[in-house]
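Colleague: Please see the structure below; I have some questions.
Every number here is computed from the coordinates shown, using simple stated rules; none is lab data. These numbers were taken from a predicted model, which means no experiment stands behind them. Cβ coordinates were reconstructed from backbone atoms using ideal geometry, including for glycine residues, and neighbour counts include every protein chain displayed.
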Amino acid sequence: MPLFVSISRLFVFLPLILLAGPAGAQPDASAYVARKTFADLLKIPLEPPEVEVQVHGTRVEEGIRIENISWESLDGERVPAFVLRPEKARGRLPAIVCLHGSSGSRESMTTREFGRGSWTRPGSSRPHTRMLGWARELARRGYVALAMTQRGLDRRTPPINQQANVLLIRGRTAMGAVLYEIRQAVTHLASRPDVDPRRIGATGMSFGGITAFYVWVLDDRVAAAAPICGGVGSVDLFARLGSIGFHGTYWWIPGMLEKGDQAEFAAAIAPKPLMLWAPTEDIGMPKEAVDRFVSRLRPVYEKAGAPDAFVVHQPPGRHSFTPEAFDAMLAFFNEVFGLE
C-alpha cells in the first residue's frame, strides 16, 4: 500500500484508535463514537428501536415453553420468531438472540432434534446438512432463546441480495435493515419479565455470525456475542485475499473502510465479552484476516484487565457449525452470564 494512502487511512481511523486505547481513556466515549459512526454507515438510528410484538400462540414440548411471535419492522416487513424458555424456570434468566445462516430459519434452529442433521430449505428439493435445534438446546440449558428468521432468507422473500440492491439506490443498506430487526428482538427481550436485561447475548452461524458481531458493536444492551464462522476479521484483507463472491451484497457496507475496519470498531467496544469461532480454512474469512483482528484486539482487552473476555477459537476446518463450536459458544455464555 502506498505511503500516502496509509497515512490518509490512519487519520480516518485516528478518532476510533485514540478512543479505543490505552485502557481507561474514556471507554464510554470510545464506545459511543464507534457505535454512532457504525450506525451512520448503516443508515439507521443509533437509538434502540421500538417494537410491538404479537403472540400467535404458545405450547409446551418436553419441558420447553415455546411462544410463536412476530412484529412489524421497516418497510412493512413482518419478522417471525420463536421464544423458547425452560417451562419451570423462575426469575429472570439470561437471554440469547439466535441467528441462522443463509440456508436456515427459526424452524431449523428450534427442531426437537439437536445436532448435525438433514434440512431442506423452502424452494429446494435437495436436503443439506446443518446444525439443527441449537436454539432449543440453549433453552434446555437455562436460557431464554429468541430464534428469528432473518430478513431476505428462508420464506422472507425477495432474497436478501435483491433487497440489498434496491436499498442501495434508496440510500440505505441491507445490513442496516437486518440489524434494525435484530435490535427490535433485543428490545423485546429487555422488556420481558422473565429476562435479565443485563444478560442478553447474540450468536449465530455465517450470515447470523456477522449480524451477531455487528449487533454487538451497535447495541450496548447486547452484553456479549459469539459469532460462529461469521466473516469477522478484516474487511480490508478479505477484499484483497478472500473469495469475493462468497459474501452477498448485504455483507459489504458502503464506506466502511473510510471509518475503520472490523478491529477498529471492536477495539472501541472492548472489553465487552466477545468470542470468535474461526476455522483456519473458513471461506468466509482468511486466517490472515482473523490473525490481524486478534493481534489488534488482544492488547486492548489485556490493558483493560479483561483478557479472558476475548475468546478466540481457530481450529482446523472449514465453514461449518459443528458440535464443538456449539460447546465453545455455550461455555463462553455460561462463563459470562454466570451459569453452570
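Colleague: Any residue at all in the range 83-93 that's of a type outside the set (A, V, I, L, M) and closer than 24 Å to Phe213 by Cβ? If you could, list the steps in order and put the result at the bottom.
Modeller: Taking the range 83-93 and keeping what is of a type outside the set (A, V, I, L, M), we get 85-88, 90-92.
The next check asks that each one be closer than 24 Å to Phe213 by Cβ; those that pass are none.
No.
Colleague: From the list Ile244, Ile228, pick out the single residue that is touching a strand residue (DSSP E or B) at 6+ places or on another chain (Cβ under 6 Å) and over 25 Å from Lys36 (Cβ atoms). First the steps, then the outcome.
Modeller: Numbers: Ile244 fails: touching a strand residue (DSSP E or B) at 6+ places or on another chain (Cβ under 6 Å).
Answer to the selection: Ile228.
Colleague: Does the range 253-263 contain any residue that is on the phi > 0 side of the Ramachandran plot and out of contact with any Ser or Thr (no Cβ under 8 Å at 6 or more places or on another chain)? It would help to see each step written out before you state the result.
Modeller: Initial filter on the range 253-263 (on the phi > 0 side of the Ramachandran plot): 255, 260.
Among the residues that remain, those that are also out of contact with any Ser or Thr (no Cβ under 8 Å at 6 or more places or on another chain) are: 255.
Taking every residue of the range 253-263 in turn, at least one turns out to be on the phi > 0 side of the Ramachandran plot and out of contact with any Ser or Thr (no Cβ under 8 Å at 6 or more places or on another chain).
Colleague: Considering the range 164-177 alone, what residues qualify as being farther than 30 Å from Ala331 by Cβ, assigned to a helix (DSSP H, G or I) and in contact (Cβ under 8 Å) with a residue 40 or more places away in the chain?
Modeller: Start the filter on the range 164-177 by keeping residues that are farther than 30 Å from Ala331 by Cβ, which leaves 164-174, 176-177.
Then drop every residue that is not assigned to a helix (DSSP H, G or I), which leaves 164-169, 174, 176-177.
Within the range 164-177, Ala164, Asn165, Leu168, Ala174, Gly176, Ala177 meet the criteria.
Colleague: Which condition number in (1) assigned to a loop (DSSP other than H, G, I, E, B); (2) within 15 Å of the chain's Cα centre (by Cα) is the one that Met275 fails?
Modeller: For Met275, the exception is condition (1).
Colleague: While we're looking at this one, here's another question. Within the range 72-159, considering only strands (runs of 3 or more DSSP E) that don't extend past its boundaries, which have at least 1 residues that are within 18 Å of the chain's Cα centre (by Cα)? Let's see the steps before the verdict.
Modeller: Values: elements: 78-86, 93-99, 115-119, 128-132, 144-148.
Where strands (runs of 3 or more DSSP E) fall fully within the range 72-159 and carry at least 1 residues being within 18 Å of the chain's Cα centre (by Cα), they are 78-86, 93-99, 128-132, 144-148.
Colleague: Could you grab me the full set of residues in the range 237-259 that are charged (D, E, K, R) and surrounded by fewer than 18 Cβ atoms within 10 Å (Cβ to Cβ)?
Modeller: Arg240, Glu258
Colleague: Considering the range 83-106 alone, what residues qualify as being in contact with a His (Cβ under 9 Å, 6 or more places away or on another chain) and over 18 Å from Cys229 (Cβ atoms)?
Modeller: Across the range 83-106, the qualifying residues are Val83, Arg106.
Colleague: Filter the range 87-136 for residues that are closer than 15 Å to Arg65 by Cα and in contact with a Gly (Cβ under 6 Å, 6 or more places away or on another chain); which is surrounded by the fewest Cβ atoms within 10 Å (Cβ to Cβ)?
Modeller: Once the filter is applied, the top-ranked residue is Glu87.
Colleague: Looking at the range 279-322, which of its residues are basic (Lys, Arg) and more than 20 Å from Phe207 (Cα to Cα)? Walk me through how you get there before you give the answer.
Modeller: In the first step, residues of the range 279-322 are kept if they are basic (Lys, Arg); the result is 287, 292, 296, 298, 303, 318.
Hits for the range 279-322 are Arg292, Arg296, Arg298, Lys303.
Colleague: Here is a further query. Can you tell me which residue within the range 313-340, out of those that are touching a Gly at 6+ places or on another chain (Cβ under 8 Å) and aliphatic (A, V, I, L, M), is surrounded by the fewest Cβ atoms within 10 Å (Cβ to Cβ)?
Modeller: As a first pass, look at the range 313-340 and keep what is touching a Gly at 6+ places or on another chain (Cβ under 8 Å): 319, 321, 323, 333, 336-337, 339.
After this cut, where a residue has to be aliphatic (A, V, I, L, M) as well, the list is 336, 339.
Working: Val336: 22, Leu339: 14.
Only one residue tops the list, namely Leu339.
Colleague: Something else about it: What's the number of the only condition in (1) surrounded by fewer than 24 Cβ atoms within 10 Å (Cβ to Cβ); (2) in contact (Cβ under 8 Å) with a residue 60 or more places away in the chain; (3) not hydroxyl-bearing (Ser, Thr, Tyr) that Arg198 fails to meet?
Modeller: Here Arg198 meets the rest and fails (2).
Colleague: Hey, another quick one. Filter the range 34-68 down to residues that are of a type outside the set (D, E, K, R), touching a residue at least 24 places away in the same chain (Cβ under 8 Å) and not in a helix (DSSP H, G or I), then give me how many there are. Walk me through it before giving the result.
Modeller: Initial filter on the range 34-68 (of a type outside the set (D, E, K, R)): 34, 37-39, 41-42, 44-46, 48-49, 51, 53-58, 60, 63-64, 66, 68.
Within this subset, residues satisfying the condition of being touching a residue at least 24 places away in the same chain (Cβ under 8 Å) are 34, 37-39, 41-42, 44, 46, 48-49, 51, 53, 60, 63-64, 66.
Now drop any that are not not in a helix (DSSP H, G or I), which leaves 44, 46, 48-49, 51, 53, 60, 63-64, 66.
Residues flagged as of a type outside the set (D, E, K, R), touching a residue at least 24 places away in the same chain (Cβ under 8 Å) and not in a helix (DSSP H, G or I) within the range 34-68 amount to 10.
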